[in-house]
Amino acid sequence: MRLIHSIDEMCGIISGARHEGKTIGLVPTMGALHAGHLTLVGRARQECDFVVVSVFVNPTQFGPSEDFHKYPRTLESDSRKCESGGVDVVFSPSAGDMYPEGFDTWVDVKGPTDVLEGQSRPGHFRGVATVCAKLFNIVEPDRAYFGTKDYQQLQVIKKMTRDLNMRLEIVPVEIVRERDGLAMSSRNAYLDSREREAALVLSRSLDLARQTFASGEHNAKAIKTRVLNLIAAEPLARVDYVAVVDAETLDSIETIDRPAAVLLAVRIGSTRLIDNTVLD
Ligand code: PAF
């Protein structure tokens, strides 16, 4: 496995792999790799001849009061995990190379970015879409793998590739959970033991949403109310949003008469966590 920092070197390696007729899989990450990321890597390994994992804490997707500076940076252990996962290249460019002086071109996906995470974190999806477009141009993957935990991000990336005729497949990969249900996230590392316990309210409230739906309740507001009540009973939790939306467009819906997503953002202490489930 190779660890590459230079964009030019990465492009050269990709040209070589393409020349050999290899299919290329990209797993874009911000590092601090956990079992969820490694599931994406495993899937890419199965489906592609040449696997690249990008590790780049992308400054443009963090708001001024967000955790960019404290976001975990663990390149050495990330590289070891990638090596064990059969990755061919870890690509970890510098912020200065990705955003050199004078950089001022942005990918602004409308529609699914206007609500929820887009509203709570202005500019976030512009940063995500822009860095993904750049990574797609550098690595030229046939397939790129994204976890469904960042549900809205996945819809934004899918829309960007459709709207801009990008010639790659976006492969969604199911959320990986701890045994007790907590969705894996690099931000779980911020939780102390009391907060870790409290964080289970996210997956429990999604279980409740699924049970309520399965028992025949198809009114979106009724399901949302039950979820909100459960979260309100956890003293360390503060709801940022709970939404029941069309699973593809993310438009809010009244009756669940088509696939719907329940999306949550909840602060546990000072850590903001997201989770979701699809009702179908
Ligand atoms: O999901 C993430 O880790 C990031 O948003 C991504 C897709 C790597 C872009 O920086």
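Would you be able to say whether some residue in the range 122-138 is of a type in the set (Gly, Ala, Ser), touching a strand residue (DSSP E or B) at 6+ places or on another chain (Cβ under 9 Å) and closer than 30 Å to Thr249 by Cα? Working first, answer last.
From the range 122-138, those of a type in the set (Gly, Ala, Ser) are 123, 127, 129, 133; that's our starting set.
Next, from what is left, pick out any that are touching a strand residue (DSSP E or B) at 6+ places or on another chain (Cβ under 9 Å): none.
No.
Taking the stated definitions as given, is Asp97 assigned to a loop (DSSP other than H, G, I, E, B) and open to solvent by 30 Å² or more (accessible area, probe 1.4 Å)?
no
Output the residues belonging to the range 128-148 that are more than 8 Å from the ligand (Cβ to nearest atom), touching a residue at least 40 places away in the same chain (Cβ under 8 Å) and farther than 17 Å from Gly16 by Cα.
First, the residues of the range 128-148 that are more than 8 Å from the ligand (Cβ to nearest atom): 129-130, 133-134, 136-145, 148.
When the remaining residues are screened for being touching a residue at least 40 places away in the same chain (Cβ under 8 Å), the result is 130, 136, 138-145, 148.
Matches in the range 128-148: Thr130, Arg143, Ala144, Tyr145, Thr148.
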Mind listing whichever residues of the range 232-252 are β-branched (Val, Ile, Thr) and surrounded by 19 or more Cβ atoms within 10 Å (Cβ to Cβ)?
-> Val242, Val244, Val245
Tally of residues being over 22 Å from His124 (Cα atoms) and either surrounded by fewer than 19 Cβ atoms within 10 Å (Cβ to Cβ) or near the ligand (Cβ under 8 Å from one of its atoms) (or both) across the range 26-42 = 3
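Given the criteria modelled with pLDDT under 95 and surrounded by fewer than 20 Cβ atoms within 10 Å (Cβ to Cβ), does Ser186 qualify?
Details: modelled with pLDDT under 95: yes; surrounded by fewer than 20 Cβ atoms within 10 Å (Cβ to Cβ): yes.
Yes; evaluated as a whole, the condition is true for this residue.
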At least 3 residues that are more than 18 Å from Gly269 (Cβ to Cβ) in each: list the helices (runs of 4 or more DSSP H) lying fully within the range 184-248 that qualify.
-> 200-214, 220-232
Tell me which residues, restricted to the range 101-115, are more than 15 Å from the ligand (Cβ to nearest atom), open to solvent by less than 60 Å² (accessible area, probe 1.4 Å) and not aromatic (Phe, Trp, Tyr).
-> Gly111, Val115
Whichever residue in the range 56-94 is among the hydrophobic types (A, V, I, L, M, F, W, C) and more than 12 Å from the ligand (Cβ to nearest atom) and, among such residues, is most open to solvent (accessible area, probe 1.4 Å) = Leu75
For the range 190-197, indicate whether the set of residues that are modelled with pLDDT of 95 or more and within 16 Å of the ligand (Cβ to nearest atom) is non-empty.
-> yes
Considering residues that are within 16 Å of the ligand (Cβ to nearest atom), in contact with a helix residue (DSSP H, G or I) (Cβ under 7 Å, 6 or more places away or on another chain) and open to solvent by 10 Å² or more (accessible area, probe 1.4 Å), the number found within the range 43-55 is 1
Filter result (in contact with a Lys or Arg (Cβ under 9 Å, 6 or more places away or on another chain) and either within 20 Å of Phe62 (Cβ to Cβ) or among the hydroxyl-bearing types (Ser, Thr, Tyr) (or both)) within the range 100-117 = Trp106, Val107, Asp108, Val109, Pro112, Thr113
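Select from the range 162-208 the residues that are without any contact (Cβ under 8 Å) to a residue 24 or more places away in the chain and basic (Lys, Arg) and write down the one among them that is nearest to Asp240 (Cα to Cα).
Applying the first criterion (without any contact (Cβ under 8 Å) to a residue 24 or more places away in the chain) to the range 162-208 yields 162, 165, 167, 178-180, 182, 193, 196-197, 200, 208.
Adding the requirement that they be basic (Lys, Arg) leaves 162, 167, 179, 196.
Details: Arg162: 30, Arg167: 35, Arg179: 25, Arg196: 18 Å.
Restricting to residues being without any contact (Cβ under 8 Å) to a residue 24 or more places away in the chain and basic (Lys, Arg), the top hit is Arg196.
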Residue list for the range 139-167, filter: open to solvent by 40 Å² or more (accessible area, probe 1.4 Å) and not charged (D, E, K, R) | Leu164, Asn165, Met166
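Report those strands (runs of 3 or more DSSP E) wholly inside the range 1-79 carrying at least 1 residues which are in contact (Cβ under 8 Å) with a residue 60 or more places away in the chain and basic (Lys, Arg). Don't jump to the end; show me each part of the working.
Details: elements: 2-4, 24-29, 50-55.
Counting at least 1 such residues, we get 2-4.
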Single residue of Val131, Val87 found to be in a loop (DSSP other than H, G, I, E, B) and aliphatic (A, V, I, L, M) = Val87
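The values are calculated or read from the model by the stated rules, or taken from the named source; none is laboratory data. Computed from a predicted structure; not experimentally measured. Because the Cβ atoms are built from the backbone with ideal geometry, glycine has one as well, and the counts that use them run over all protein chains shown. Heavy atoms of the whole protein, side chains included, go into the accessibility calculation; ligands, DNA and RNA do not. Shrake-Rupley method; radii C 1.70, N 1.55, O 1.52, S 1.80 Å.
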